[in-house]
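Student: Here you go, one structure.
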């Protein structure tokens with residue numbers, strides 16, 4: 001198997017005859033092993049009527065398989081002090097287990113067992129339905145979730161990015177066990193999966209063990225359907241939500257490029273410039289956006305007292321998605337005023353681009369953050385799998401080089417295209433308690 | 001590599017700076033490229049007078065909002081250049097300020113931590129900014145079911161004047177009273193005290209590190225530590241759950257809990273295991289298994305034991321749809337009572353404690369998570385070998401001790417309950 005040594009250190013890549021892709025990152029100093037299986041299946045592959053199926057399958061994957069009856073996989077991993085979880089995104093689903101190194105075989109056996117043989121009985125699916133609905137209910141308690149769901153419904157009329165990976169409530173209520181089982185049987189299997197193992201193990205025995213456990217699995221996993229492209233928008237779209245919760249806030253989304261688009265590097269830089277996140281190249285690549293006082297939106301909107309929070313977010317996607325700005329008004333500041341101030345800032349960046357000092361600083365931030373992002377087997381396995389799902393091998397290093405070489409004028413030109421009024425979607429969340437203001 | 005041989009990566013050592021500031025140093029995980037450093041001071045919101053509530057949190061936030069020659073923007077740019085972070089966290093007893101960054105930049109970054117805890121600027125614009133943020137957080141406490149339930153629970157468990165009664169955010173009126181002079185006074189009183197301390201996870205050996213910190217944090221003596229506030233006796237709990245109608249959501253948040261033991265209590269290891277069995281050890285816990293896994297009533301159910309320096313509290317939480325609230329309440333009560341009435345089986349106890357012991361390996365994956373153990377040792381003034389001995393300590397706890405600790409430290413007869421959210425059938429007392 002070929003190996004490479006990028007920012008992650010030494011990584012061995014390969015593919016089993018049944019189509020399962022492998023990425024192995026042996027780290028002799030580590031005390032743990034982290035095993036991830038990434039399926040190239042997410043809400044992007046669903047259709048109305050089955051929205052939320054990928055996420056529901058994620059839940060069912062913990063409900064038993066031939067060698068790990070219900071409850072056994074949780075128990076087995078937890079008993080040795082391990083950690084297991086999973087998450088569903090629009091473009092993929094990931095299952096992770098990190099255990100003390102002597103127990104590395106356990107997550108391998110679990111993943112091999114449930115890759116195409118998870119239990120999907122009607123009774124278990126029915127019981128899990130209430131839990132999935134409860135998860136959705138919990139999200140609905142947060143005004144931010146409701147507003148984000150509204151934003152994507154505004155922005156996408158055909159493409160599956162329209163719905164959240166949790167799925168629509170009505171679909172969760174109606175979907176049958178047979179529909180869910182068919183979805184699982186059709187798409188889950190080695191051909192749509194990437195197995196990533198990072199941590200303390202010897203490469204050769206690990207490869208042999210993976211071959212023994214996964215190599216005998218049938219070459220399942222039909223190519224997931226590619227969604228039809230979303231037509232270009234022809235004008236601004238707006239919505240207003242009202243409810244209790246916080247001070248009013250604003251979500252403004254713009255149609256943004258896919259990860260393999262030549263415009264992606266400049267879009268990353270705009271995200272870092274405006275909101276401050278290094279995103280792909282930070283330790284918390286997958287976390288929510290947080291406060292960055294050096295970022296332009298913060299300096300112009302938070303430091304001046306208009307907002308208490310100002311972040312931007314562009315998550316690289318397989319298909320064109322959204323670049324989202326989230327602004328939360330300070331008490332007494334109207335959303336109209338906040339929106340006008342934001343648009344002035346976006347016009348300014350589209351007119352002049354970043355200053356030389358800003359560009360120098362965000363490049364430096366990305367350069368240093370990238371060097372710290374691989375600390376520990378869990379983070380290493382996460383990043384290797386994430387980039388493997390995002391694009392062709394080497395995408396991380398290629399993107400990093402392109403980002404660091406992108407000139408100011410390319411960022412300015414990108415801003416002009418990105419922040420066009422015709423692709424703008426605006427969701428305002430107004431609260432009864434805080435309505436009004438200057 | 002057996003799970004109880006975790007000593008080497010956890011090695012900690014103690015030192016004391018010339019001014020009396022205690023230091024715990026921990027070796028970072030092998031291969032880690034980062035360091036973490038935490039300064040803590042007895043400056044939690046328990047020291048807020050009611051009319052000045054919010055003061056401790058406001059000061060804590062301002063420590064990272066500019067210090068020495070760095071205003072907030074300049075400080076942020078300086079940190080960004082090294083991909084470092086400087087954060088603060090305030091709880092009832094103390095405030096922690098933590099610097100994290102690349103080990104290669106330790107020498108140039110540590111002065112920023114010293115500036116933050118010795119020379120915060122308290123710029124007027126920053127005071128206004130943080131005040132605006134706290135007003136928004138107060139609003140969420142009134143309107144978000146989870147935060148509202150937590151706030152009301154503490155107010156039910158602890159009487160007026162108890163240090164754990166409040167959530168630290170104050171009210172619009174108390175925030176309006178906080179002048180810059182008042183904030184400075186609090187800073188001078190609370191951040192220069194022998195109750196402060198340091199925990200650092202870095203490669204630099206303890207000798208040179210101590211000398212470096214003495215240069216940065218001063219050699220003069222600190223005034224003696226002042227005792228914490230008195231702990232008024234919690235009142236008897238109200239018999240019925242407090243039900244609070246919070247419109248706009250889909251789910252009702254349930255919180256139950258009561259007073260508990262301090263970290264220094266000899267029963268802590270047994271109480272720790274009791275909590276892990278109830279709801280602390282996620283997928284192995286009784287709350288997860290009985291409320292979610294077997295009955296599908298909730299997405300999330302957990303418990304927490306917060307054993308602090310002066311005392312403690314325990315809480316259990318779940319969220320569910322309105323019509324299921326009575327059933328979930330019954331199950332929460334049943335599981336809590338069962339824990340104090342019957343010994344856990346040896347199989348259950350072994351499972352949970354081996355899980356707790358093994359999970360230390362996961363904590364040691366990166367500097368940030370390993371550092372939390374060092375902060376724990378430093379703050380609670382534990383021996384440096386505390387976590388090396390922890391597996392043996394847990395293995396020595398018998399099932400009977402777990403039951404007895406549960407009955408004392410998580411006593412359902414001293415517990416209060418709050419439910420908040422879109423209630424279907426309001427009953428009992430109602431607050432709006």
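Student: Looking at B:385, B:365, B:372, which is the one that is more than 12 Å from every other protein chain (Cβ to nearest Cβ), in contact (Cβ under 8 Å) with a residue 24 or more places away in the chain and either surrounded by fewer than 16 Cβ atoms within 10 Å (Cβ to Cβ) or under 19 Å from residue B:202 (Cα atoms) (or both)?
Tutor: Numbers: B:365 fails: more than 12 Å from every other protein chain (Cβ to nearest Cβ); B:372 fails: in contact (Cβ under 8 Å) with a residue 24 or more places away in the chain.
Answer to the selection: B:385.
Student: Take residue A:227 and decide whether it is in contact with a helix residue (DSSP H, G or I) (Cβ under 7 Å, 6 or more places away or on another chain) and either more than 30 Å from residue B:33 (Cα to Cα) or surrounded by fewer than 17 Cβ atoms within 10 Å (Cβ to Cβ) (or both). Working first, answer last.
Tutor: Details: in contact with a helix residue (DSSP H, G or I) (Cβ under 7 Å, 6 or more places away or on another chain): yes; either more than 30 Å from residue B:33 (Cα to Cα) or surrounded by fewer than 17 Cβ atoms within 10 Å (Cβ to Cβ) (or both): yes.
Here the answer is yes, as residue A:227 does meet what is asked.
Student: What do you reckon, is residue A:291 free of Cβ contacts under 8 Å to residues at least 24 places away in the same chain and not in a helix (DSSP H, G or I)? Steps first, answer last, please.
Tutor: Details: free of Cβ contacts under 8 Å to residues at least 24 places away in the same chain: yes; not in a helix (DSSP H, G or I): yes.
When the stated conditions are applied, residue A:291 passes them.
Student: The conditions are (1) closer than 30 Å to residue B:363 by Cβ; (2) touching a residue at least 12 places away in the same chain (Cβ under 8 Å); (3) within 8 Å of chain B (Cβ to nearest Cβ); (4) part of a helix (DSSP H, G or I), and residue A:98 fails exactly one of them. Which is it?
Tutor: The number of the failed condition is (4).
Student: Please go through (1) in contact with a helix residue (DSSP H, G or I) (Cβ under 6 Å, 6 or more places away or on another chain); (2) under 30 Å from residue B:420 (Cα atoms); (3) away from every other protein chain (no Cβ under 14 Å); (4) crowded, with 21+ Cβ neighbours inside 10 Å for residue B:199 and return the number of the only condition it doesn't satisfy.
Tutor: Going through the list (1) in contact with a helix residue (DSSP H, G or I) (Cβ under 6 Å, 6 or more places away or on another chain); (2) under 30 Å from residue B:420 (Cα atoms); (3) away from every other protein chain (no Cβ under 14 Å); (4) crowded, with 21+ Cβ neighbours inside 10 Å, residue B:199 breaks only (2).
Student: Now for a different question. Going by the structure shown, is residue A:312 at pLDDT 95 or above, under 20 Å from the mean Cα position of the chain (by Cα) and either within 14 Å of another protein chain (Cβ to nearest Cβ) or buried (at least 23 other Cβ atoms within 10 Å of the Cβ) (or both)? Steps first, answer last, please.
Tutor: Values: at pLDDT 95 or above: yes; under 20 Å from the mean Cα position of the chain (by Cα): yes; either within 14 Å of another protein chain (Cβ to nearest Cβ) or buried (at least 23 other Cβ atoms within 10 Å of the Cβ) (or both): yes.
When the stated conditions are applied, residue A:312 passes them.
Student: Right, here's the next one. Looking at (1) at pLDDT 95 or above; (2) over 25 Å from the mean Cα position of the chain (by Cα); (3) part of a loop (DSSP other than H, G, I, E, B), find the lone condition where residue A:245 falls short.
Tutor: Unmet for residue A:245, out of (1) at pLDDT 95 or above; (2) over 25 Å from the mean Cα position of the chain (by Cα); (3) part of a loop (DSSP other than H, G, I, E, B): (1).
Student: Of the residues A:171, A:164, only one is part of a loop (DSSP other than H, G, I, E, B), in the same structural domain as residue A:14 (by TED's automatic domain parsing) and surrounded by fewer than 21 Cβ atoms within 10 Å (Cβ to Cβ); which?
Tutor: Numbers: A:171 fails: part of a loop (DSSP other than H, G, I, E, B).
Sole residue among the options that is part of a loop (DSSP other than H, G, I, E, B), in the same structural domain as residue A:14 (by TED's automatic domain parsing) and surrounded by fewer than 21 Cβ atoms within 10 Å (Cβ to Cβ): A:164.
Student: Follow-up question, since we're still on this one. Among the residues of segment A:212-222, is any within 14 Å of chain B (Cβ to nearest Cβ) and either surrounded by 15 or more Cβ atoms within 10 Å (Cβ to Cβ) or assigned to a helix (DSSP H, G or I) (or both)? Give the derivation first.
Tutor: Step one: filter segment A:212-222 for residues within 14 Å of chain B (Cβ to nearest Cβ), giving none.
The answer is no; no qualifying residue exists.
Student: Taking only pairs six or more apart or across chains, which ones have beta-carbon atoms under 7 Å, a first residue in segment B:346-362 that is more than 9 Å from chain A (Cβ to nearest Cβ) and more than 11 Å from residue A:79 (Cα to Cα), and a second residue that is part of a helix (DSSP H, G or I) and at pLDDT 95 or above?
Tutor: Correct list of pairs: B:346/B:399.
Student: Return the residues of segment B:302-330 that are in a loop (DSSP other than H, G, I, E, B) and touching a strand residue (DSSP E or B) at 6+ places or on another chain (Cβ under 8 Å); say none if nothing qualifies. So that I can check it myself, show each step before the final result.
Tutor: If we filter segment B:302-330 for residues that are in a loop (DSSP other than H, G, I, E, B), which is where we start, we get B:308-311, B:321.
Hits for segment B:302-330 are B:311, B:321.
Student: Let me ask something additional. Do we find that residue B:285 is at pLDDT below 95 and touching a helix residue (DSSP H, G or I) at 6+ places or on another chain (Cβ under 7 Å) in this structure? Break it down stepwise before answering.
Tutor: Values: at pLDDT below 95: no; touching a helix residue (DSSP H, G or I) at 6+ places or on another chain (Cβ under 7 Å): yes.
Answer is no for this residue.
Student: Against the condition more than 24 Å from residue A:191 (Cα to Cα), out of contact with any strand residue (DSSP E or B) (no Cβ under 8 Å at 6 or more places or on another chain) and outside the structural domain of residue A:397 (by TED's automatic domain parsing), how does residue A:71 come out, does it pass? Don't jump to the end; show me each part of the working.
Tutor: Numbers: more than 24 Å from residue A:191 (Cα to Cα): yes; out of contact with any strand residue (DSSP E or B) (no Cβ under 8 Å at 6 or more places or on another chain): yes; outside the structural domain of residue A:397 (by TED's automatic domain parsing): yes.
Taking the combined requirement at face value, the residue satisfies it.
Student: Go through (1) modelled with pLDDT of 95 or more; (2) away from every other protein chain (no Cβ under 11 Å); (3) touching a helix residue (DSSP H, G or I) at 6+ places or on another chain (Cβ under 8 Å); (4) over 30 Å from residue B:155 (Cβ atoms) for residue B:75 and report which single condition fails.
Tutor: Of the numbered conditions (1) modelled with pLDDT of 95 or more; (2) away from every other protein chain (no Cβ under 11 Å); (3) touching a helix residue (DSSP H, G or I) at 6+ places or on another chain (Cβ under 8 Å); (4) over 30 Å from residue B:155 (Cβ atoms), the odd one out for residue B:75 is (2).
Student: Does segment B:305-337 hold any residues that are without any contact (Cβ under 8 Å) to a residue 40 or more places away in the chain and either more than 10 Å from chain A (Cβ to nearest Cβ) or under 20 Å from residue B:412 (Cα atoms) (or both), and which are they?
Tutor: Within segment B:305-337, the first condition is being without any contact (Cβ under 8 Å) to a residue 40 or more places away in the chain, and the residues that meet it are B:324, B:326-327, B:330, B:334.
Matches in segment B:305-337: B:326, B:327, B:330, B:334.
Student: While we're looking at this one, here's another question. Let me spell it out: the conditions are (1) touching a strand residue (DSSP E or B) at 6+ places or on another chain (Cβ under 9 Å); (2) surrounded by fewer than 22 Cβ atoms within 10 Å (Cβ to Cβ); (3) within 10 Å of chain A (Cβ to nearest Cβ); (4) without any contact (Cβ under 8 Å) to a residue 24 or more places away in the chain, and residue B:299 meets all of them except one. Which number is the exception?
Tutor: Residue B:299 satisfies all of (1) touching a strand residue (DSSP E or B) at 6+ places or on another chain (Cβ under 9 Å); (2) surrounded by fewer than 22 Cβ atoms within 10 Å (Cβ to Cβ); (3) within 10 Å of chain A (Cβ to nearest Cβ); (4) without any contact (Cβ under 8 Å) to a residue 24 or more places away in the chain except (2).
Student: Applying the selection to segment A:358-397, what residues are touching a strand residue (DSSP E or B) at 6+ places or on another chain (Cβ under 8 Å) and more than 10 Å from chain B (Cβ to nearest Cβ)? Give the steps one after another, and end with the answer.
Tutor: Pass one, segment A:358-397, residues touching a strand residue (DSSP E or B) at 6+ places or on another chain (Cβ under 8 Å): A:368, A:371-372, A:374-378, A:380-382, A:384-386, A:388-389, A:393-394, A:396-397.
Within segment A:358-397, A:381, A:382, A:384, A:385, A:386, A:388, A:389, A:393, A:394, A:396, A:397 meet the criteria.
Student: Residues to consider are A:14, A:49, A:71; find the one that is over 26 Å from residue A:218 (Cβ atoms), more than 11 Å from chain B (Cβ to nearest Cβ) and surrounded by fewer than 21 Cβ atoms within 10 Å (Cβ to Cβ).
Tutor: Details: A:14 fails: over 26 Å from residue A:218 (Cβ atoms); A:71 fails: more than 11 Å from chain B (Cβ to nearest Cβ).
Only one candidate qualifies: A:49.
Student: Just the residues that are touching a strand residue (DSSP E or B) at 6+ places or on another chain (Cβ under 8 Å) and either part of a helix (DSSP H, G or I) or not assigned by TED's automatic domain parsing to the domain that holds residue A:94 (or both), please, taken from segment A:21-59.
Tutor: First pass over segment A:21-59, keeping only residues touching a strand residue (DSSP E or B) at 6+ places or on another chain (Cβ under 8 Å): A:21-27, A:30-43, A:54-55, A:57-58.
Selection gives A:43, A:54, A:55, A:57, A:58.
Student: Continuing with the same structure: Restricting segment B:237-254 to residues that are away from chain A (no Cβ under 14 Å) and touching a helix residue (DSSP H, G or I) at 6+ places or on another chain (Cβ under 7 Å), which is farthest from residue B:404 (Cα to Cα)?
Tutor: Applying the first criterion (away from chain A (no Cβ under 14 Å)) to segment B:237-254 yields B:237-243.
Keeping just the survivors that are touching a helix residue (DSSP H, G or I) at 6+ places or on another chain (Cβ under 7 Å) gives B:237-238, B:241-242.
Details: B:237: 21, B:238: 24, B:241: 26, B:242: 28 Å.
My answer is B:242.
One line per residue, one yes/no per condition, for (1) within 28 Å of residue B:176 (Cβ to Cβ); (2) surrounded by 21 or more Cβ atoms within 10 Å (Cβ to Cβ); (3) at the interface with chain A (Cβ under 9 Å from one of its Cβ atoms):
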| residue | (1), (2), (3) |
| --- | --- |
| B:68 | no, no, no |
| B:71 | yes, no, no |
| B:80 | no, yes, yes |
| B:83 | no, yes, yes |
| B:112 | no, yes, no |
| B:124 | yes, no, no |
| B:129 | yes, yes, yes |
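Student: Hey, among the residues in segment A:111-140 that are touching a residue at least 24 places away in the same chain (Cβ under 8 Å), assigned to a helix (DSSP H, G or I) and in contact with a strand residue (DSSP E or B) (Cβ under 6 Å, 6 or more places away or on another chain), which one's farthest from residue A:40 (Cα to Cα)? Reasoning before the result, please.
Tutor: Start the filter on segment A:111-140 by keeping residues that are touching a residue at least 24 places away in the same chain (Cβ under 8 Å), which leaves A:111-122, A:124-126, A:128-129, A:131-133, A:135-136, A:139.
With assigned to a helix (DSSP H, G or I) added as a condition, the list becomes A:111-114, A:122, A:124-126, A:128-129, A:131-133, A:135-136, A:139.
Checking the rest, the ones that are also in contact with a strand residue (DSSP E or B) (Cβ under 6 Å, 6 or more places away or on another chain) come to A:111, A:113-114.
Numbers: A:111: 15, A:113: 18, A:114: 16 Å.
It comes out as A:113.
Student: Can you find a residue that is more than 13 Å from chain A (Cβ to nearest Cβ), surrounded by fewer than 24 Cβ atoms within 10 Å (Cβ to Cβ) and modelled with pLDDT of 95 or more anywhere in segment B:24-39? Walk me through how you get there before you give the answer.
Tutor: Residues of segment B:24-39 more than 13 Å from chain A (Cβ to nearest Cβ): B:24-26, B:37-39.
After this cut, where a residue has to be surrounded by fewer than 24 Cβ atoms within 10 Å (Cβ to Cβ) as well, the list is none.
Looking through segment B:24-39, none of the residues is more than 13 Å from chain A (Cβ to nearest Cβ), surrounded by fewer than 24 Cβ atoms within 10 Å (Cβ to Cβ) and modelled with pLDDT of 95 or more.
Student: Let me ask something else. Looking only at segment A:141-161, filter to residues that are assigned to a helix (DSSP H, G or I), within 14 Å of chain B (Cβ to nearest Cβ) and out of contact with any helix residue (DSSP H, G or I) (no Cβ under 7 Å at 6 or more places or on another chain); which one of those is surrounded by the most Cβ atoms within 10 Å (Cβ to Cβ)? Please lay out each step first, then the result.
Tutor: Pass one, segment A:141-161, residues assigned to a helix (DSSP H, G or I): A:143-155, A:160-161.
Restricting the remaining residues to those that are within 14 Å of chain B (Cβ to nearest Cβ) gives A:143-147, A:149.
Still in the running and out of contact with any helix residue (DSSP H, G or I) (no Cβ under 7 Å at 6 or more places or on another chain): A:143-144, A:147, A:149.
Values: A:143: 24, A:144: 16, A:147: 21, A:149: 19.
Checking each candidate, the answer is A:143.
The values are calculated or read from the model by the stated rules, or taken from the named source; none is laboratory data. This is a predicted model, so every value here is computed, not measured. Methodologically, a virtual Cβ is constructed for each residue, glycine included, from the backbone with ideal geometry; neighbour enumeration extends over all protein chains shown.
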